[in-house]
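The structure appears right after this line, and notes come after that.
The values are calculated or read from the model by the stated rules, or taken from the named source; none is laboratory data. Model, not experiment: these values are computed from the prediction. Every residue, glycine among them, receives a Cβ derived from its backbone with ideal geometry; neighbour counts consider all protein chains shown. Keep in mind that these areas ignore ligands, DNA and RNA; they rest on the heavy atoms of the full protein, side chains included. Shrake-Rupley method; radii C 1.70, N 1.55, O 1.52, S 1.80 Å.
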Amino acid sequence: TGNNFGGWGQMMPEYFAPPVGFANYANSGAASGSFGTYWSLIKAKWTTGDWVMIQFGHNDKNDSDATVQANLEKMAADAQAAGVNPILVSPPARVQSYPIGNQSSLHAAAAKAAAAAKNCPYIDLTALSTAWYNSLTISASAAQTMYHQGGATHTNLLGADKLAGLVAKAV
């Protein structure tokens with residue numbers, strides 16, 4: 001509770017029942033171009049028919065949309081080649097101001113373009129979370145209570161659960 005870190009991926013099992021299972025390989029601080037070691041761990045565990053959700057953008061701030069798109073397309077292609085179904089997910093919005101403004105630095109457009117190029121599902125968590133935050137009619141400081149120590153990027157368990165609910169509904 002409180003200010004513990006929490007990501008939406010770790011909360012996904014709460015929204016599904018067996019036989020659906022989850023393995024969360026998220027790595028806070030990783031960018032789409034530097035996830036190679038973790039990506040190798042994921043590829044070593046998946047089997048034909050599995051699904052993999054891929055979400056990057058927060059830590060790709062020094063990369064262009066084209067670079068992020070190419071990285072996401074490569075991951076989606078790896079999955080498809082193994083008979084695994086990729087779902088590309090854009091990152092949740094940052095709560096830096098209220099109402100939440102431009103989130104283009106999160107590369108949602110790159111994720112959407114990569115999903116279209118690889119013909120795989122896309123969940124626009126950037127738009128979903130922006131709309132949800134902006135619908136709360138609360139102050140930025142109140143919205144930030146869902147973030148670790150009042151930050152704007154890393155959710156606590158409450159925020160992670162809310163975002164997981166948005167992703168689960170989109171699924």
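Points to keep in mind about this one:
- Close amide H pairs (under 5 Å, H built 1.01 Å from N) link THR155 with GLY6, HIS148, residues at least 5 positions away or on another chain.
- Rounded FRET efficiency, nearest 0.05, which uses the C-beta distance separating ASN119 from GLN96 and R0 of 25 Å: 0.15
- Hz values of 3J(HN,Hα) by residue in segment 75-83 - Karplus curve (6.51, -1.76, 1.60), Gly and Pro given as x: 5, 4, 5, 4, 4, 4, 5, 8, x
- Amide hydrogen neighbours beyond the local backbone of ILE123, cut-off 5 Å, H modeled: LEU88, VAL89, SER90
- HIS107 - accessible surface, heavy atoms, 1.4 Å probe, Å² rounded to 10: 10 Å²
- A P(r) calculated from all alpha carbon pairs of the chain, with 10 Å bins opening at zero, reads 10, 39, 38, 12, 1 percent.
- Report note on the peptides 28-35, 70-77, 8-15: ranked by the mean count of other C-beta atoms within 10 Å, highest first, their order is 70-77, 8-15, 28-35.
- Dipole size of the chain about its Cα centre, with +1 on Lys/Arg Cβ and -1 on Asp/Glu Cβ: approximately 40 debye, rounded to the nearest 20.
- Around ALA110: net Lys/Arg minus Asp/Glu count, Cβ-Cβ under 14 Å: -1
- Using the average count of surrounding beta-carbon atoms within 10 Å as a protection proxy, the listed peptides 156-162, 45-51, 62-68, 17-23 rank, highest first, as 156-162, 62-68, 45-51, 17-23.
- Residue-wise HN-Hα coupling along segment 166-171, computed from phi with Karplus coefficients 6.51, -1.76, 1.60 (Hz; x: Gly, Pro): 5, 5, 4, 5, 5, 4
- The phi-based Karplus calculation (6.51 cos²θ - 1.76 cosθ + 1.60; θ = phi - 60°) puts the 3J(HN,Hα) values of segment 10-23 at 6, 8, 4, x, 5, 9, 9, 10, x, x, 6, x, 10, 10 Hz, whole numbers, x for Gly and Pro.
- Crossing angle, helix 108-118 versus the chain [Cα axis fit, 0-90 degrees, rounded to tens]: 20 degrees
- Long-range HN-HN contacts of VAL52 with modeled amide H, under 5 Å: ASN85, ILE87
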